Amino acid sequence: MSELPALLTTTIVWMCRIAALAAAVNALELITMRQALSDRGVWRAPLLSPRWGVWGLLLGPRAFLVVLVAQLALAVILAVAPGTTAGCVAAAALAFTSWLAALRFRGNVNGGSDAMLFTVLGGLAVAQLPNVTSVVHEGGVLYIAAQLTLSYVRAGIVKAKERSWWSGRALSAFLALPAYGVPAWAQRRVPNDLFALRIASAGVIAFECLAPLAWFDRIACIALMAMALTFHTATAALFGLNRFLLAWSAALPSLWYAVHRVR
């Protein structure tokens, strides 16, 4: 138990740095899309603003650009000052800017990755609160670990209920969708290899459903973290889901702390 305070500190530092990178990438992506957010773009304010309410002052084209630039600055603070009061404020403020982005688009910009990053930032804000006991800091980290585990288990159960996942056809259909920008070589070869797709699908279902084991055994935790990084790297490479890779990578260190805390 004597090594837990140091491990907790190290965990928070790494999570802050990765979460800061994720938040910075998210902001940069939206900044490069600013033409689409203008009054002439596909996400122009008049189409989305009826439910913004008072927050509309921060969500118009120019104001939202300022929010995104502020998000970049906050990400830098979180990266360079993890585990401090400044890091706590930066994490909380980044969670707020993430919420504003979701309000701006009337939903997550990039699905579950934005929800996971919001969860990580909220947990990190708690994990860096000043003048509280280490139990509170632990609670922030363990909350993230619990949400991370639930995200995998829920996804695994949903897939396990679908025959199309066991047959490999669900994964084949995803690879064939042009909207994801799947590389041409993968579109030509992979969707037709149902045996390989069945193996890959079964592997994903198994690793997601067995995620809770990572809390009780360090070897299982290392294995799950390795599989998770492989899975998210593959989805980033094949489907362009880079936000998922960064958001879940920011959460994964919490599992390593959780298994040490439980054991």
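Treating each Cα of region 20-143 as one equal point scatterer and applying the Debye formula with no solvent, the log10 of I(q)/I(0) at q = 0.14 Å⁻¹ comes out as -0.60. Look at the dipole of region 4-262 built from charges on Cβ: of Val76, Ser167, Gly112, the Cα furthest out on the positive end belongs to Ser167. Placing pseudo-labels 7 Å out from each Cα toward the beta carbon at Phe195 and Ala223 gives an inter-label distance of 2.5 nm.
Computed about the Cα centre, the dipole magnitude for region 4-262 is approximately 640 debye when only Lys and Arg (+1) and Asp and Glu (-1) carry charge, each at its Cβ.
Here the calculated FRET efficiency for Ala236 and Ala73, from their Cβ-Cβ distance with R0 = 30 Å, stands at 0.70, rounded to the nearest 0.05.
Per-residue extension of 0.36 nm, minus the Cα-Cα distance of Trp55 and Ala36, leaves a gain of 4.9 nm for this segment. Restriction of the trypsin sites (Lys or Arg not before Pro) in region 19-82 to DSSP coil positions whose beta-carbon has at most 16 other beta-carbons within 10 angstrom yields Arg40, Arg44. Farthest toward the positive end of the dipole of the chain, out of Val259, Ala90, Gly181, is the Cα of Gly181, where the dipole comes from beta carbon charges about the Cα centre. Computed from Cα atoms alone, the Kirkwood hydrodynamic radius reported for region 152-263 is 14.8 Å.
Computed from the coordinates by the stated procedures, all read-outs in this text should not be read as laboratory data. Computed from a predicted model, the values in this text were never measured in an experiment. Virtual Cβ from ideal backbone geometry, glycine too; neighbours counted across all protein chains shown.
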